[in-house]
């Protein structure tokens, strides 16, 4: 019998990629969603479920008897100020969804593998290169949720001898990325010749750790298939990349002459040290963020 996998947040970028990847690897995939209308992937078993309902979560896991759970689902409105009531509500909901899932693992089968999608925002008060031993420092309710949920999971892991890992994911993009994110927004700006907005991003001179989402999801799959059981593992490019390289590519492709002045400021974000993932999982990065951007603009037909 094929191994059964539960993926929460199956309609997001990583959920879509992992759904397809796990099907190719001959898994039976149950995708937990909370949406009525969406484009289905053939052979994926979609389950409309409210992860805030602990009873429903427990019943579903008891029925499916999964080999593993990959928990991607989370609500994140980064554009909302950190002190708003709405962001506090998102924190509580995200945390409760996660605790419901890990508590159900404890109740039903402690051998279920549990992979929790962490975020580079868990390190946001730090600068430079970080690794699995770096201090976790929340800077907003979303990063606080990720850290608090990680700590809760590890507490349960240590108490009940679980297989549970927080996969700390740095920036990663693909053609499945939500339109609100930077790569997709840039593609839209070029598609509609919004030079003022392009120039604004260019002047921000953003640098950071960016990867192709397929590489990141392949890392998650290797973790799923491995025997290692770390508390944390970083999936990142380990490279400082300039967003202006994407803009320069877009300008050339659009045949727009670059008259933007050289930006003075330099916005540098974190870089994730991915050595542990590469060595322990034999993980290789086959694509990069420029390839992701090219795929996005191809889908935008320009």
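Just checking, which of 210, 160, 181, 190 is at pLDDT below 95 and touching a helix residue (DSSP H, G or I) at 6+ places or on another chain (Cβ under 7 Å)?
None of the other options fit; the residue is 190.
Could you tell me which of the residues 237, 174 is in contact (Cβ under 8 Å) with a residue 60 or more places away in the chain, in contact with a strand residue (DSSP E or B) (Cβ under 8 Å, 6 or more places away or on another chain) and surrounded by 24 or more Cβ atoms within 10 Å (Cβ to Cβ)?
Being in contact (Cβ under 8 Å) with a residue 60 or more places away in the chain, in contact with a strand residue (DSSP E or B) (Cβ under 8 Å, 6 or more places away or on another chain) and surrounded by 24 or more Cβ atoms within 10 Å (Cβ to Cβ) holds for just one of 237, 174, which is 174.
Condition first: within 29 Å of residue 86 (Cβ to Cβ) and within 20 Å of the chain's Cα centre (by Cα). Can you find one or more residues in segment 104-113 that meet it? Show your work before the answer.
Within segment 104-113, the subset within 29 Å of residue 86 (Cβ to Cβ) is 104.
If we keep only those that are within 20 Å of the chain's Cα centre (by Cα) as well, we get none.
For segment 104-113, residues within 29 Å of residue 86 (Cβ to Cβ) and within 20 Å of the chain's Cα centre (by Cα): absent.
Please work out which residue is nearest to residue 25 (Cα to Cα), limiting yourself to segment 37-86 and to residues that are part of a helix (DSSP H, G or I) and modelled with pLDDT under 95.
Among those that are part of a helix (DSSP H, G or I) and modelled with pLDDT under 95, it is 86.
The values are calculated or read from the model by the stated rules, or taken from the named source; none is laboratory data. Here the structure is a predicted model, which is why all the values come from computation and not from measurement. Ideal geometry is used to build each Cβ from the backbone, glycine not excepted, and the neighbour counts take in all protein chains shown.
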